[in-house]
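Read-outs: derived from the displayed coordinates by stated rules, not from any lab. These numbers come from a predicted model, not from an experiment. Ideal geometry is used to build each Cβ from the backbone, glycine not excepted, and the neighbour counts take in all protein chains shown.
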2 protein chains.
Amino acid sequence: MTSVENNSLTTSAGEFLLSCRALIDAELDRLIPQEAVEPARLHRAIRWSVFAGGKRFRPALLLAVGQTFGADSARLLRTACAIEMIHTYSLIHDDLPSMDDDDLRRGRPTCHVEFDEATAILAGDALQTLAFQTIAEDEGLTTEIRAQLVGELARAAGTPAGMVAGQARDLDAESKTIDPEALEQIHLQKTAALICVAARCGAIITGADRGELTAITAYGRNLGLLFQITDDLLDVTATAGKMGKTPGKDARSRKATYPAIHGVEATSEQIDLVYRSACDALKGISRPAKLLESIPKLIAEREH
Amino acid sequence: MTSVENNSLTTSAGEFLLSCRALIDAELDRLIPQEAVEPARLHRAIRWSVFAGGKRFRPALLLAVGQTFGADSARLLRTACAIEMIHTYSLIHDDLPSMDDDDLRRGRPTCHVEFDEATAILAGDALQTLAFQTIAEDEGLTTEIRAQLVGELARAAGTPAGMVAGQARDLDAESKTIDPEALEQIHLQKTAALICVAARCGAIITGADRGELTAITAYGRNLGLLFQITDDLLDVTATAGKMGKTPGKDARSRKATYPAIHGVEATSEQIDLVYRSACDALKGISRPAKLLESIPKLIAEREH
């Protein structure tokens, strides 16, 4: 978070993100079994990965959208945490030796390195389960909204159009040359789907109308693309210290990235394009959305 | 299924199980993306494991309980399939090299052997997601029941009291000597929780009253223990041909099993005990339950 704290361009989004973290972390701490509860090793592994210093971008986005539409955070917080659980489960499984084989995340050992592979697999599995349980049992929401949210989140996290589908496509892409459309499909599913659903859930909980939900979906989709493309670019340009992981790793492992296919210059142009698309989408919302307007800038200017 | 088909003791439960399989398989085929849909390799891997000749015991149990309480199968089928998806995801992840490292299941290569480890991890992940999506989007049920079912299934599949917790405890047990209570805890969480929730979901969908739900819970819990203990015993006594996997594997891998801790004779006595407890539990149901009465016998007398 140093980059946001020290950034002279810190916007209201940056401040909002920081203010959300404590709220989200406290709720995650309530929702996830404590380390002393058996099976303790599993719960230690889950907590190792959930409380690893993540920025909580996805849950904060859900809170930002929900608050824009007038909901207080109490109605939003559990669904926000559920999305962070899905995100964390995907990181744990992504880092496994048979997947991306990463030893380091945010400057410390990944779950399977700190514990073991079997425990890391189970920790990810349990986090996914807990995400859906958290929404299903959220008594602050009607059962109608709960059922809708579980369905939305599952579609965004699963296959054929969600996060796991994107990861499978990404694996397939390692062994062949892919075209720009295939790359966008990977980005949309692997990263943008979960970011987009975070925005959508914020709107759904607050009963946004169909037109507003369409606008928020376009906003979330472009925000997700912006997130992934800037991430790809940072992998090429950043230093190890700022990233907390080894830069250039994507290129060496022949990952399908935007700079690898289009070059650095076209990548910057694409970033501008999706940035503008995210901002434009907000014109479909008939209420003040200053906070949402400042989020794309925060993503475009981050240093990991 | 050869053992059931050729068994002269085939009961009404055996016939019911067989009659359910086609129904469940057809619905699973509708719910799971076809192999031609991209990412095709992921969907092939999912289907490889889902359509591997499983007996569909858990979903059939849900149908049996639901029909006993008067529901037609249309209201029960999707939740039944969701439970089979959770079961299959757990088998795929269990078989991974860092877990049980099994190359063979039901006489054919396991998912990570036929495909690869990364694909097998993602296939399991996606199946879990699809299970919750299936229930959340089941328009034959009220949203109240859907939310309740998602919560029930998540608790039975997750941690600290469900299937993943049982698997984590089982892993911990490999490196130390465990006592009988710890073993029962592993069995209850690793196997009985999902079998018990299958029975409970059948009762919940049909609006069973509190007393009947308590009886069904005791029935499902003992049925689950019966299932696991007979499984442990079969691992000691069966031949490879009948099991479709290598017998004696549990003993060699120092798995915590009932025969290993109590011996074969005490294991048979324990089987009688939980068998009787399952049958006794049905006295709490104030309607004919012949089908449910015949299920424990089918489990106790199976040959894998």
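Return the single residue from A:71, A:82, A:60 with maximal mean-square fluctuation; model: Gaussian network over chain A, springs between Cα atoms under 10 Å.
A:71
Taking +1 at the Cβ of each Lys and Arg and -1 at the Cβ of each Asp and Glu, which of A:205, A:270, A:133 sits farthest along the dipole of chain A towards its positive end, judged by Cα position relative to the Cα centre?
Going by the charge dipole, the pick is A:205.
Can you pull out the GluC sites (Glu not before Pro) in region A:122-226 whose DSSP state is coil and whose Cβ has at most 12 other Cβ atoms within 10 Å?
Listed in order of number, the matching sites are A:139, A:174.
Quick one: grab the alpha carbon gyration tensor of chain B, order the square roots of its eigenvalues as a ≥ b ≥ c, and give me rounded if a/c is under 1.5, else prolate or oblate depending on whether a/b is larger than b/c.
Because its axes are fairly even, with a/c under 1.5, chain B counts as rounded.
For a paramagnetic label modelled at 7 Å from the Cα of residue A:255 toward its Cβ, which residues of region A:48-91 fall within the zone defined by backbone nitrogen distances under 15 Å?
A:90-91
Explain nothing, just compute: Karplus ³J(HN,Hα) = 6.51 cos²θ - 1.76 cosθ + 1.60, θ = phi - 60°, for every residue of region A:116-128 in order, whole Hz, x for Gly and Pro.
Using θ = phi - 60°, the values come out as 7, 4, 4, 5, 5, 4, 5, 4, x, 4, 5, 5, 4 Hz.
When a/c is below 1.5 the answer is rounded, else prolate if a/b is larger than b/c, else oblate, so apply that to region B:104-195 with a ≥ b ≥ c taken from the square roots of the Cα gyration tensor eigenvalues.
On the way: a/c = 2.70, a/b = 1.22, b/c = 2.21.
Because a/c hits 1.5 or more and a/b fails to exceed b/c, region B:104-195 counts as oblate.
Using a label position 7 Å from Cα in the Cα→Cβ direction, what is the ascending list of nm distances from residue A:74 to the same site in the other copies?
Those label-point separations list as 4.2 nm.
Residue by residue through region B:80-88, what is 3J(HN,Hα) from phi via Karplus (6.51 cos²θ - 1.76 cosθ + 1.60, θ = phi - 60°)? Round to whole Hz and write x for glycine and proline.
4, 5, 4, 5, 5, 5, 4, 4, 5
Considering chain A as a Gaussian network with a 10 Å cut-off on Cα pairs, which listed residue, A:69, A:51, A:132, attains the greatest mean-square fluctuation?
A:51
Residue B:37 to residue B:177: extension gain in nm, 0.36 nm per residue of separation minus the Cα-Cα distance?
On the way: separation 140, 0.36 × 140 = 50.40 nm, distance 4.76 nm.
In short, 45.6 nm is gained.
Where in region A:141-174 does the amide nitrogen come within less than 15 Å of the point 7 Å from the Cα of residue A:74, taken along Cα to Cβ?
A:141-142
With a point put 7 Å past each Cα toward its Cβ, work out how far residue A:265 is from residue B:272 in nm, to one decimal.
8.6 nm
Grab the Cα-Cα distance for residue A:283 and residue A:51, subtract it from 0.36 nm times how many residues apart they are, and report the gain in nm with one decimal.
Going from the current span to full extension adds 79.9 nm.
Across peptide A:79-88, how many C-beta atoms of other chains are within 10 Å of each residue C-beta, on average?
0
Sorting A:219, B:275, A:89 on the 10 Å Cβ count, fewest up front, what's the list?
On the way: A:219 31, B:275 20, A:89 26.
Arranged by neighbour count, lowest to highest, A:219, B:275, A:89 become B:275, A:89, A:219.
When each copy gets a label point 7 Å from Cα toward the beta-carbon at residue B:26, what are the spacings between them in nm, shortest first?
So the distances to the same position in the other copies read 5.4 nm.
Let me make sure I get this right: for the protein assembly as shown, a, b and c are the square roots of the gyration tensor eigenvalues over alpha carbons, sorted descending. Under 1.5 in a/c it's rounded, otherwise prolate if a/b > b/c, else oblate. Which is it?
Prolate.
What length, rounded to one decimal in nm, is gained on full extension from residue A:101 through to residue A:22, with 0.36 nm per residue of separation minus their alpha-carbon distance? Mind dumping the intermediate values first?
Working: separation 79, 0.36 × 79 = 28.44 nm, distance 3.05 nm.
Contour length minus the Cα-Cα distance gives 25.4 nm.
Based solely on its DSSP helices, what 222 nm [θ] is calculated for chain B when runs of n ≥ 4 H residues each add -39,500 (n - 2.57) and the sum is averaged over all residues, nearest 500 deg cm²/dmol?
After summing the helix terms and dividing by residue count, I get -21500 deg cm²/dmol.
If the label for residue A:40 sits 7 angstrom from Cα along the Cα-to-Cβ line, what are its distances to the same label in every other copy, in nm to one decimal, shortest first?
The projected label point of residue A:40 is separated from its counterparts by 5.1 nm.
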